[in-house]
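Read the structure below first, then the notes.
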Amino acid sequence: MTRIAIIGASHAGVVCAEKLREFGFVGVITLIDRIPGLPVQRPPLSKEFIKSKENATKNYNLRSDEFYERQNLNLMSGINVKEIKRKTKTIIFESGSEMGYDILILAMGADANLPVHIPQGIENAYVLRDIKDAVRLREGALHGNSAVIVGGGYIGLEVASSLRSLGLAVDLIEVESRLLSSLSSQHVSEYLKSLHQKRGVSFHFGAVVEDIFYSNSNQVRGIKLSSGYIINCDLLVFGIGVSPNTKLANDLGLTVLDGVKVDINYLADDDIYAIGDVAFCPERSSKRIESVFHAQFSATVAAASITNAPMPAKQAYWFWSDQYDVKLQIVGILPKISSHELVQSEVRPGKKEGSFSVWSWYKDKLVCVEALGDIQAYLVGKQILEQSIDITPEVIKNDSVDLKKLMKKVY
């Protein structure tokens, strides 16, 4: 009987196991994860979970305990993999025990970056990547009055929103000149900056943390910026990106670029797949994608490849972010561009007051739609991107063009 071992039981790993069963795989499936307990959803950790005063982490489980039994999945949680021997197809755990496999799926995700100069054991310095991080941060937030957040990406902004909702004073440090500099259009960046400022967040752009001050009990008490400006705080949160967890892939001799290089079926090498945040598929995107959608999509593709099931239809990458009472929905990806290249963006007002969308073209091709409270624009943009329909900036700039009617043409 064929044995499949999936290392990593977050969104990608769990969905892959689920899809393997759905596509008819009857062999042994083992999910291995280093974090104890049932796998949890990650998107709520920077939002609802921090603000919640309940300690019921089970409300955020990806699947119920019964799901793993019903699907006949072996879930090994709180287990660390020490080594994988390719020749014998053997997984060796830190405990010394071993397990064989026939097909290996790497779904280890990515680890949050933390500055190397932070001493070990600092209780009020945080990153946010898993449920343990979220529990610690929520506990600190419930007892603190002020926070410094380093990093103006989605995690930093979502945490800022949650902490302000709890009443903490928040200073956010961003080394670039604007928020989400490589992830969003200038229009969305400015809108979110204004949104947070209205809620009381103080921003420091083009700033670098030069020094961190600690108390005698090894607690962060403040930071010093390169400008000399000092900010006192009870919590220090780092949202400075993640790095793919590629140690096992390197040890296996796989090709590692920014993540494990895979083909269009997410196959990294003979009988080895890589999915989710750890995978880089150049045939599908020019950069590694970190999102729930990509985790689910790559898991489905890998499961279909293994079982010879039909491949899922082409889908555009989508993302979302909730900050205060505002929902940002994004479909497509803004490309990395050189200094002489240009991305053309057009802003279109939505039907609801205050809502709008930003449509961006690169080399005369629509590549991304960012919608703030405008579900209609998001849905239309998604269909246009998925069906590779040509649409010009002039159409979007024309307010007399009804997106609802345009959607009917697209569908």
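The values are calculated or read from the model by the stated rules, or taken from the named source; none is laboratory data. Quantities reported herein were computed from a predicted structural model and do not represent experimental measurements. Don't worry about glycine lacking a Cβ; one is built from the backbone with ideal geometry, like all the others, and counts go over all protein chains shown.
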| note | If you go through SER77, SER46, SER64, SER97, the only one that is modelled with pLDDT of 95 or more and either within 26 Å of the chain's Cα centre (by Cα) or crowded, with 17+ Cβ neighbours inside 10 Å (or both) is SER77
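The rows are residues; the columns are (1) closer than 24 Å to GLU123 by Cα; (2) of a type in the set (A, V, I, L, M); (3) touching a residue at least 40 places away in the same chain (Cβ under 8 Å).
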{"position": "LYS193", "(1), (2), (3)": "no, no, no"}
{"position": "HIS196", "(1), (2), (3)": "no, no, yes"}
{"position": "GLY200", "(1), (2), (3)": "no, no, no"}
{"position": "VAL208", "(1), (2), (3)": "yes, yes, no"}
{"position": "ASP211", "(1), (2), (3)": "yes, no, no"}
{"position": "SER217", "(1), (2), (3)": "yes, no, no"}
{"position": "LEU225", "(1), (2), (3)": "yes, yes, yes"}
{"position": "ASN250", "(1), (2), (3)": "no, no, no"}
| Do you know which residues across the stretch 223-251 are part of a loop (DSSP other than H, G, I, E, B) and of a type outside the set (A, V, I, L, M)? | SER226, SER227, GLY228, TYR229, CYS233, ASP234, GLY239, GLY241, ASN245, THR246
| task | Could you run through the stretch 199-222 and say how many residues are assigned to a strand (DSSP E or B) and out of contact with any Cys (no Cβ under 7 Å at 6 or more places or on another chain)? | result | 11
| said: Within the stretch 140-161, does at least one residue satisfy the condition of being in contact with a helix residue (DSSP H, G or I) (Cβ under 9 Å, 6 or more places away or on another chain), of a type in the set (Ser, Thr, Tyr), closer than 12 Å to PHE49 by Cα and surrounded by 24 or more Cβ atoms within 10 Å (Cβ to Cβ)? | reply: no
| What are the pairs, 6+ residues apart or on separate chains, where a residue within the stretch 255-266 that is modelled with pLDDT under 95 has its Cβ under 6 Å from a residue that is surrounded by 18 or more Cβ atoms within 10 Å (Cβ to Cβ)? | LEU257/PHE280; ASP258/PHE280; ASP258/ARG288
| query | Looking at the stretch 224-256, which of its residues are touching a Pro at 6+ places or on another chain (Cβ under 9 Å) and more than 13 Å from ILE173 (Cα to Cα)? | reply | VAL256
| task | Would you check if there is a residue in the stretch 110-129 being under 17 Å from the mean Cα position of the chain (by Cα) and closer than 30 Å to LYS87 by Cα? | result | yes
| Hits in the stretch 252-299 (condition: in a strand (DSSP E or B) and either crowded, with 23+ Cβ neighbours inside 10 Å or among the hydrophobic types (A, V, I, L, M, F, W, C) (or both)) | VAL256, LEU257, GLY259, VAL260, LEU267, ALA268, ILE272, TYR273, ALA274, ALA279, PHE280
| task | Tell me which residues, restricted to the stretch 281-297, are within 14 Å of the chain's Cα centre (by Cα) and not β-branched (Val, Ile, Thr). | result | LYS287, ARG288, GLU290, SER291, PHE293, HIS294, ALA295, GLN296, PHE297
| Qualifying position, being within 25 Å of the chain's Cα centre (by Cα) and basic (Lys, Arg), among ARG3, ARG34, ARG86, ARG21 | ARG34
| task | Quick one: which helices (runs of 4 or more DSSP H) lie wholly within the stretch 315-411 and hold at least 2 residues that are surrounded by fewer than 20 Cβ atoms within 10 Å (Cβ to Cβ), free of Cβ contacts under 8 Å to residues at least 12 places away in the same chain and over 23 Å from the mean Cα position of the chain (by Cα)? | result | 393-397, 403-410
